[in-house]
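Take a look at the structure below.
Rule-based calculations on the coordinates, nothing more; no lab input. Quick caveat: nothing in here was measured; it's all calculated off a predicted structure. Note that we place each Cβ from the backbone using ideal geometry, even for glycine, and neighbour counts take in every protein chain shown.
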Amino acid sequence: MYNYDLGAEAENWDLEWNHPSSEVDEYGFSSFAFRCERPLVWFKFDTFLNSPLYDQVIRSKGIVYFNDHAPVIISQAGSLCQLDELEALPADVPALDEPEISELVFIGQGLPAAAILAELEACKD
């Protein structure tokens, strides 16, 4: 357990303690989002998920709509990626009059955001 009294004895501890920093500055972490109002193509998206480019992502989460597959909720941390298919509404339940917008957030260190976004754009129908 951290000992505050012992830590306060370290040289310049107060400068470090009161120094504002962020994960971006200290560790190189950054995040960005992808948002798309058009459905994606499942095969293209699945290929992206299994690409070396996606292997660079440390964490991702979101919802994705497809023109040829059920929508999925994606939750990924490291090499573990979980895709949960959303079930279709029963026929007697009226559909909501809301657009189906895919939204994904990516977190990583030194991520090639432009390349990832280009790959996702290429997944559109």
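Key figures
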quantity	calculated
FRET E, pair Asp46, Ile101, Förster distance 22 Å, beta-carbon r, rounded to 0.05	0.65
Computed [θ] at 222 nm, deg cm²/dmol, the chain (DSSP H ≥ 4; -39,500 (n - 2.57); rounded to nearest 500)	-6500 deg cm²/dmol
Nitroxide proxy distance, nm - points 7 Å out along Cα→Cβ at Asp92 and Asp55	5.1
The stretch 39-125: radius of gyration over Cα atoms, expressed as a fraction of 2.2 N^0.38 Å	1.16
